[in-house]
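Worksheet: the structure to be examined is printed underneath.
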Amino acid sequence: MTGHRLEVADVFRAHQDQFLQRWGHALSDQQRKVLRDIGLCRTAALGTHLERCDRCNYETVAYDSCRNRHCPKCQSSARDRWLIKQAASLLPVPYAHVVFTLPKQLAPLALRNQRLFYSLLFRAASETLLKIAADPRHLGARIGVLAVLHTWSQNLRHHPHLHCLVPAGGLPLDNSRWITTRRRGFFLPMRVLSRMFRGKLLAFLKQSYRRGELSFAGKLAELSTPCAFHSLLGTLRRTEWVVYSKPPFGGPEHVLKYLARYTHRVAISNGRLLSLENGQVHFRWRDSRYNNRSSIMKLDAVEFIRRFLLHVLPAGFVKIRHFGLLANRNRRQALAVCRLRLSASIPDIDPLLTAQQKAALSRSCPQCRCGTLHVIARYSAVEPASPNSALLCATFKSS
């Protein structure tokens, strides 16, 4: 293990049995799959492949990846491929970063009803942004929204919130011009956003309750009665909700940095892990109670795994969604009109990518640094690459 940097997979492999003994009865099928996939990612258990350089014929054998969207190792390459596809959607205008956060009283209900609740969260936030932006008192324009769901805090506790990326401007109904925000600093009024978001989400929850769509199992059973549920909604209606917006920032290069930071993030990256000693995981975190002061947290390994798996999303759930001008059904036509009114062209993404991202995407040869690695053969865990596969699997390093 000389030179090996601690990974989430190491914690899973070392303490999976202890975790299953304590929490196995409570896991969903999807959580079990994530636990298995991350633990096996880039090991001989998933098979291997042979890569060859198209210039110098250098060859290397590498373990296969699990490609699970919750795996810290697999998300960087998925993110970079996704970024290239997003280049066609970038506009040469400032962008606003708006964050919609749930009150902590609703977090347990969200965790019990993930697919429904998170969809309502997307709906409430997007409708709030689109409606307020369309109001002539604020912007008077149709806007586009890219929203990304995060469910964690820095200490891995359950903390659902949406990060929204919004071009700071839009089109009128007749598409005659590009309308730029008239506000200084913030894109749209935060208090108006907060109160409309609160009203919409509470109304959606009330409708879902009437239809019998919400589950109140376990500790939520006391909320199942109409009196208790509507009392909770009433309390939340009287409190201020947190909606935060940073001042609009620059063009495509800044937007790509934002997207790289938020879109394919998982609950914790391998880079934040420091050590695993005596069953304790040490990792870096920022404490929001003390102005995001950087600290080191120590968690029991079983508790670390439990908190990580809290953020496993339902199978097939889409955590990156587009609305308004950026909605999938009309994005191409809407963006063409936007560029016409802005006298802009589709940006060239190549100069916007970092050298590390380009190398990862191209699979550059580490020997000649000119050629590209291509997969020329694949070997399953059952059918090894060579008669000496047992020795090979024990000795060669994962990519």
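The values are calculated or read from the model by the stated rules, or taken from the named source; none is laboratory data. Keep in mind it's a predicted model, so treat the numbers as computed, not measured. Glycine also receives a Cβ, built like all others from the backbone with ideal geometry; neighbour counts cover every protein chain displayed. Areas reflect the complete protein model, heavy atoms only, side chains present, ligands, DNA and RNA absent. Shrake-Rupley method; radii C 1.70, N 1.55, O 1.52, S 1.80 Å.
When you go through (1) open to solvent by less than 10 Å² (accessible area, probe 1.4 Å); (2) closer than 25 Å to residue 335 by Cα one by one for residue 82, which number turns out not to apply? It fails just one condition, (1). Just for the stretch 53-76: of the residues that are surrounded by fewer than 18 Cβ atoms within 10 Å (Cβ to Cβ) and assigned to a strand (DSSP E or B), which one is modelled with the lowest pLDDT? Once the filter is applied, the top-ranked residue is 62. Filter the stretch 289-320 for residues that are under 22 Å from residue 112 (Cα atoms) and touching a strand residue (DSSP E or B) at 6+ places or on another chain (Cβ under 6 Å); which is surrounded by the most Cβ atoms within 10 Å (Cβ to Cβ)? Looking at the filtered set, the residue picked out is 304. The residues listed here are 116, 156; of these, the one that is of a type outside the set (Ser, Thr, Tyr), under 26 Å from residue 232 (Cα atoms) and in a loop (DSSP other than H, G, I, E, B) is 156.
Criterion applied to 147, 203 was being closer than 22 Å to residue 111 by Cα and touching a Cys at 6+ places or on another chain (Cβ under 7 Å), and the one residue passing it is 147. One residue stands out in the stretch 220-262 among those that are under 25 Å from residue 129 (Cβ atoms), open to solvent by 30 Å² or more (accessible area, probe 1.4 Å) and part of a helix (DSSP H, G or I): the one that is modelled with the lowest pLDDT, namely 253.
Within the stretch 25-46, the presence of at least one residue that is in contact (Cβ under 8 Å) with a residue 60 or more places away in the chain and touching an Asp or Glu at 6+ places or on another chain (Cβ under 6 Å) is confirmed. The criterion of at least 2 residues that are at pLDDT below 90 and not polar (S, T, N, Q) is met by the following helices (runs of 4 or more DSSP H) wholly inside the stretch 287-399: 355-362, 389-395. Just one residue in the set 137, 123, 142 is more than 28 Å from residue 272 (Cβ to Cβ), surrounded by fewer than 17 Cβ atoms within 10 Å (Cβ to Cβ), of a type in the set (Lys, Arg) and at pLDDT 95 or above; that residue is 123.
Restricting the stretch 75-108 to residues that are under 15 Å from the mean Cα position of the chain (by Cα) and of a type in the set (D, E, K, R) leaves a set whose member that is nearest to residue 159 (Cα to Cα) is 79. Report yes if some residue within the stretch 97-108 is within 16 Å of residue 325 (Cβ to Cβ) and either open to solvent by less than 40 Å² (accessible area, probe 1.4 Å) or not in a helix (DSSP H, G or I) (or both); otherwise report no. Yes, there is a match, as at least one residue in the stretch 97-108 is within 16 Å of residue 325 (Cβ to Cβ) and either open to solvent by less than 40 Å² (accessible area, probe 1.4 Å) or not in a helix (DSSP H, G or I) (or both). Against the conditions (1) buried (at least 17 other Cβ atoms within 10 Å of the Cβ); (2) in contact with a helix residue (DSSP H, G or I) (Cβ under 8 Å, 6 or more places away or on another chain), residue 279 satisfies every one except (1). Among all residues of the stretch 178-196, there is at least one that is in contact (Cβ under 8 Å) with a residue 24 or more places away in the chain, in contact with a Phe, Trp or Tyr (Cβ under 7 Å, 6 or more places away or on another chain) and among the polar types (S, T, N, Q).
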